[in-house]
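Report on the structure given below.
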Amino acid sequence: MKLLLITHDASRSGAPMVLLHFLRWLQKEQPDVQVDVLALIGGAMEGDFKAACRSFYNYKDEKQIVDSKIKKVAYKKSKLRFPKNRLLQKIYNQYLRMNM
């Protein structure tokens, strides 16, 4: 299973600390779960997050990389939205291509 967790930053404050403890627990108890973390801005615990997950992204520093990955996933998932209506599927795919 893959899991993407998003945090507002990687500072040594409440929510990021709880997330880091959860990641460490998850790594120990469920090693088959592949976890990626996206922090909207970096912080002092970036190294800790990198050690506790498969991939760590600092959105502020890696905006172009993260945006391109999100668009790829959104495009792949969009093909599943209108499986029975091919016309709607075609229009929706064109819309996604124009807006990416």
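Checked against the criterion of being under 11 Å from the mean Cα position of the chain (by Cα), modelled with pLDDT under 90, exposed (fewer than 13 other Cβ atoms within 10 Å of the Cβ) and over 17 Å from ASP9 (Cα atoms), the range 46-68 has at least one qualifying residue.
Under 9 Å between Cβ atoms, at least 6 apart or on separate chains: pull out the pairs that start in the range 4-22 with a residue that is charged (D, E, K, R) and end on any residue that is assigned to a strand (DSSP E or B). Close Cβ pairs (under 9 Å, with a partner that is assigned to a strand (DSSP E or B)) amount to ASP9/ALA39. Looking only at the range 77-90, filter to residues that are assigned to a helix (DSSP H, G or I), modelled with pLDDT under 65 and of a type outside the set (S, T, N, Q); which one of those is surrounded by the most Cβ atoms within 10 Å (Cβ to Cβ)? Looking at residues that are assigned to a helix (DSSP H, G or I), modelled with pLDDT under 65 and of a type outside the set (S, T, N, Q), I get LEU88. For the range 1-39, residues that are assigned to a loop (DSSP other than H, G, I, E, B) and at pLDDT below 90 total 1.
The values are calculated or read from the model by the stated rules, or taken from the named source; none is laboratory data. All of these numbers come straight from a predicted model, not from anything done at the bench. Please note: Cβ atoms are built from the backbone with ideal geometry, for glycine as well, and neighbour counts cover all protein chains shown.
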